[in-house]
Amino acid sequence: MIGARSTGGLWLRIALGFAAGLTLLFLLRAIFFATIWMESDPQRHAVEAWMTPRYIVRTYGLPPDRVDAALGLPTGQSPRKPLADIAERQGLPVAHLIAAVEALRDEGERQPGGTGSPGANAPGHSGPDSKRLGGGSGE
């Protein structure tokens, strides 16, 4: 009986050590990615298939109507769907939509004081797009 009891304690210690190791691994991974994300300028991140039109507008400071036009959506009707879903619904490769948004972003960066300036449509901005984005103080 004593041998069986000590084997159970050994397995418990192994399981606890394994759980602690996994917790530490995921904690370090989360810290690493949070540090990388926070240090880099969001404007430098590439447009990806998981991004929604609203996220693109807020991150890159692009006018919503121009993003809608680039994605082939009716103005003011941006769905809360990722680019991959929008492309699938339109029967287009997602790379086509990503290229259209990146071209729009690059165009805004080239213009002096262009629409691609950081924070142009950020929350708290009280411009014409603020109601649609949920920002501004007039709500």
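The values are calculated or read from the model by the stated rules, or taken from the named source; none is laboratory data. For clarity, every value in this text was computed on a predicted model and none was experimentally measured. Every residue, glycine as well, gets a Cβ built from its backbone with ideal geometry; the counts of neighbours run over all protein chains shown.
Structure notes:
- Among the residues of the range 57-81, those that are crowded, with 17+ Cβ neighbours inside 10 Å, more than 16 Å from His96 (Cα to Cα) and of a type in the set (Gly, Ala, Ser) comprise Gly61, Ser78.
- Flag if Thr23 is surrounded by 10 or more Cβ atoms within 10 Å (Cβ to Cβ), part of a helix (DSSP H, G or I), of a type in the set (S, T, N, Q) and modelled with pLDDT under 90: no
- Of all residues in the range 19-30, none that is in contact (Cβ under 8 Å) with a residue 24 or more places away in the chain has its Cβ atom under 6 Å from the Cβ atom of a residue that is surrounded by 10 or more Cβ atoms within 10 Å (Cβ to Cβ) and part of a helix (DSSP H, G or I), 6 or more apart or on another chain.
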